[in-house]
Amino acid sequence: IKLLLEKDPEADSIICTNNIVAYHVLQELKQNRISVPNRIGVITFDNYPLAEYLDPPLTAVDIDTYLLGERAASTLFDMIKHQKGKEEAILIKTRIIPRKSTEKR
């Protein structure tokens, strides 16, 4: 976070890969007295229930992780069966669940 803000002091949001990363980002921002969401917004790509209980509650990109795992396993089995890898784009719908970590005044 320190490096990000040194490189881009005008950054106004941080997208985290999951709730664990987001938790540590929030802790670092608090230690440096950087207000979330007034100064910078934080969003996580993981709607695990922890997101709504952090302070502030995290805006999350929600994805059907069961379907994601199912598609990944199917692709892996197909690659093993055919003894070669094949590049394929797989799209899974997501939705944003807005919470306080991205609310601006």
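The values are calculated or read from the model by the stated rules, or taken from the named source; none is laboratory data. Remember, it's a predicted structure, so these values are computed and weren't measured experimentally. We work out accessible area using only protein heavy atoms, side chains counted, and drop any ligands, DNA or RNA first. Shrake-Rupley method; radii C 1.70, N 1.55, O 1.52, S 1.80 Å.
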### Solvent-accessible area, 1.4 Å probe, carbon plus sulfur percent, for the chain
55
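Contact order normalised by length for region 53-105, with contacts defined as Cα pairs under 8 Å and 6 or more residues apart; what percent is it? Each step should come with its number before you reach the end.
On the way: 40 pairs, mean separation 35.0, N = 53.
Reported as a whole number, the value is 66 percent.
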### Message
Tell me whether region 57-105 comes out rounded, prolate or oblate; compute the Cα gyration tensor, take square roots of the eigenvalues as a ≥ b ≥ c, and use a/c under 1.5 as the rounded threshold.
### Response
prolate
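Determine the order of LEU91, LEU76 by accessible area, beginning with the largest, at a probe radius of 1.4 Å.
Values: LEU91 155, LEU76 90 Å².
Ranking LEU91, LEU76 by accessible area, largest first, yields LEU91, LEU76.
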### Query
Which shape class applies to the chain: rounded if a/c is under 1.5, otherwise prolate when a/b exceeds b/c and oblate if not, where a ≥ b ≥ c are the square roots of the Cα gyration tensor eigenvalues?
prolate
### Query
What angle, in degrees between 0 and 90 and rounded to the nearest 10, separates the Cα long axis of helix 19-31 from the longest principal axis of the Cα atoms of the chain?
20
### Message
Using a Cα-Cα cut-off of under 17 Å, which aspartates and glutamates could be cross-linked to LYS7, ignoring same-chain neighbours fewer than 8 residues away?
### Response
GLU28
### Message
Explain nothing, just the number: relative contact order of region 1-79, from Cα pairs under 8 Å at least 6 residues apart, as a whole percent.
### Response
25
### Query
Accessible surface of ASP64 in the full protein assembly, 1.4 angstrom probe, to the nearest 10 Å²?
80
### Query
Per residue, how many Å² of accessible area does the chain show with a 1.4 Å probe?
75
#### Entry: Nearest 10 degrees, 0 to 90: helix 65-82 Cα axis against the chain principal axis
40
### Of all DSSP beta bridges in the chain, antiparallel share, percent nearest 5
40
### Task
Note down the accessible area of HIS24, probe 1.4 Å, to the nearest 10 Å².
110
